[in-house]
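Notes to accompany the following structure.
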Amino acid sequence: MSQVKLPSWQPGATRDAIEVFLDGAEMLPEERRVAVFDLDGTLWCERPRSPQLDFLIGQLRAAVERRPELAERPEYEAVLEWDTAAIARLGAVNVLLSLTELHAGITPEDFDARVTEFVATSRHPGRGVPLSQMRYRPMLELIAELRARHFSVYVASPTGTEFTRLVSQRFFGVPAEGVVGAQVGYELDRGEASPRLLRTRELVGDPKEGAAKLANVQRMVGRRPILAAGNASGDVELLEYVAATPAPSLALLVRHDDPEREYAYDGGVSPQEGWSAASMRDDWATVFADA
C-alpha cells in the first residue's frame with residue numbers, strides 16, 4: 001500500500017477504508033478518479049448557520065436599511081426575526097432563493113467583491129475565529145491525498161453556487177469550474193460604455209438536495225464519482241450512487257457527534273451498508289484547521 005498522509009485521522013475502520021480506497025484508485029485511469037464533496041457540514045462548520053446564510057442575512061439587513069419595505073416580505077421577515085417555524089413553513093429552499101434575489105441587477109464582479117469582503121472580515125459567531133479556521137482539517141488532508149493521486153475534486157452545493165465558487169478555491173483549492181449546483185441566470189446589458197453581465201432572478205438547474213443534487217453532478221461533471229462525502233439527508237442519493245459503484249469506491253458520511261470540539265446534531269441520516277462513517281469524536285484527532 002502506498003504511503004498515505006492523514007495525520008488527523010485516528011487509526012480504525014474508517015481510516016483503513018480510506019487507505020484501501022486510495023490505494024485501489026491508483027489502479028484506475030485518471031479520468032475515472034472523480035471525487036465529490038458536499039460543502040456545509042462536510043468541509044467546514046455549518047452551525048449555528050452556514051457562512052453563506054450569514055452572508056445573505058447581512059446583505060438583507062443592508063438592503064432593508066435602504067428599502068425598509070423589504071422587511072414586510074414574508075420570507076425576509078422570517079429571516080430577520082429568525083423565525084425557524086416560519087422558515088420551515090415557507091420552505092428553506094424558497095427562503096434561500098428569495099435572499100439570492102437581493103443581488104439581481106448587479107454584475108458578477110460586484111457580487112464577487114461583496115463575498116470577498118465578507119470572507120475576509122467575518123468571524124464565526126460562536127468561536128470568534130476567521131472562517132478559514134472552521135474548515136475541517138481531516139477533510140483538507142483527504143483532499144490533498146486525492147490530488148496527489150490525480151483526482152478531479154468537485155464541491156456540490158445545490159444553491160449559492162456563485163458564493164461557493166468564491167470560497168472553494170481560497171479555502172479548499174477547488175477552482176470555480178469545480179463547483180456543482182444550481183446557478184443564477186445572467187443577462188447582457190449594453191447600457192454602459194461596454195457590454196456587461198447582470199445577475200437575474202432566474203435560476204439554472206434544480207436547487208434542491210437529494211436526487212437533484214446527484215443530477216446536477218451528472219449534468220455538470222459528466223463522469224460518475226467514485227468518492228462522495230456528505231453529512232446530511234440531502235446527500236443520501238449521492239452516497240448511495242457512489243456506494244453502488246464497483247470498487248474501488250468510497251461513500252463517506254461525516255457524523256457530528258463531538259459537542260466538545262464542534263457540535264452534536266443529527267444530519268437526518270444513518271450509515272447504510274457499504275458506507276464508511278467518519279465520527280468527529282472517534283475518528284478525528286483534530287477537527288479544525290489552524291488557518
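The values are calculated or read from the model by the stated rules, or taken from the named source; none is laboratory data. It should be emphasised that the depicted structure is a prediction, and the values quoted were computed from it without experimental measurement. Note that each Cβ is placed from the backbone with ideal geometry, even for glycine, and that neighbours are counted across all protein chains shown.
What the table below lists for this structure:
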quantity	calculated
Given (1) over 24 Å from Thr159 (Cα atoms); (2) among the polar types (S, T, N, Q); (3) out of contact with any strand residue (DSSP E or B) (no Cβ under 7 Å at 6 or more places or on another chain), number of the condition Gln218 does not satisfy	(1)
In the range 21-41, the residues that are crowded, with 16+ Cβ neighbours inside 10 Å and in contact with a His (Cβ under 9 Å, 6 or more places away or on another chain)	Arg33, Gly41
Pick from the range 32-70, criterion touching a residue at least 60 places away in the same chain (Cβ under 8 Å) and among the polar types (S, T, N, Q), ranking: nearest to Asp112 (Cα to Cα)	Gln52
The range 135-173, subset small (Gly, Ala, Ser) and at pLDDT 95 or above, residue nearest to Leu56 (Cα to Cα)	Ser168
Members of the range 88-106 found to be free of Cβ contacts under 8 Å to residues at least 24 places away in the same chain and surrounded by fewer than 18 Cβ atoms within 10 Å (Cβ to Cβ), listed by number	Ala88, Arg89, Leu90, Gly91, Ala92, Asn94
Subset of the range 68-92 [closer than 17 Å to Arg201 by Cβ and either in contact with a Lys or Arg (Cβ under 6 Å, 6 or more places away or on another chain) or among the charged types (D, E, K, R) (or both)]	Arg73, Glu75
Phe118 modelled with pLDDT of 95 or more and either in a loop (DSSP other than H, G, I, E, B) or within 18 Å of the chain's Cα centre (by Cα) (or both)	yes
Candidate set from the range 179-215 (those that are touching a residue at least 60 places away in the same chain (Cβ under 8 Å) and aliphatic (A, V, I, L, M)); member that is surrounded by the most Cβ atoms within 10 Å (Cβ to Cβ)	Val180
All helices (runs of 4 or more DSSP H) inside the range 209-291 with 2 or more residues being more than 17 Å from Trp44 (Cα to Cα)	211-221, 236-243
Residue within the range 71-87 that is in contact (Cβ under 8 Å) with a residue 24 or more places away in the chain and within 22 Å of the chain's Cα centre (by Cα) present	no
The one condition in (1) buried (at least 19 other Cβ atoms within 10 Å of the Cβ); (2) out of contact with any strand residue (DSSP E or B) (no Cβ under 6 Å at 6 or more places or on another chain); (3) within 27 Å of Glu141 (Cβ to Cβ) that Leu253 fails to fulfil	(2)
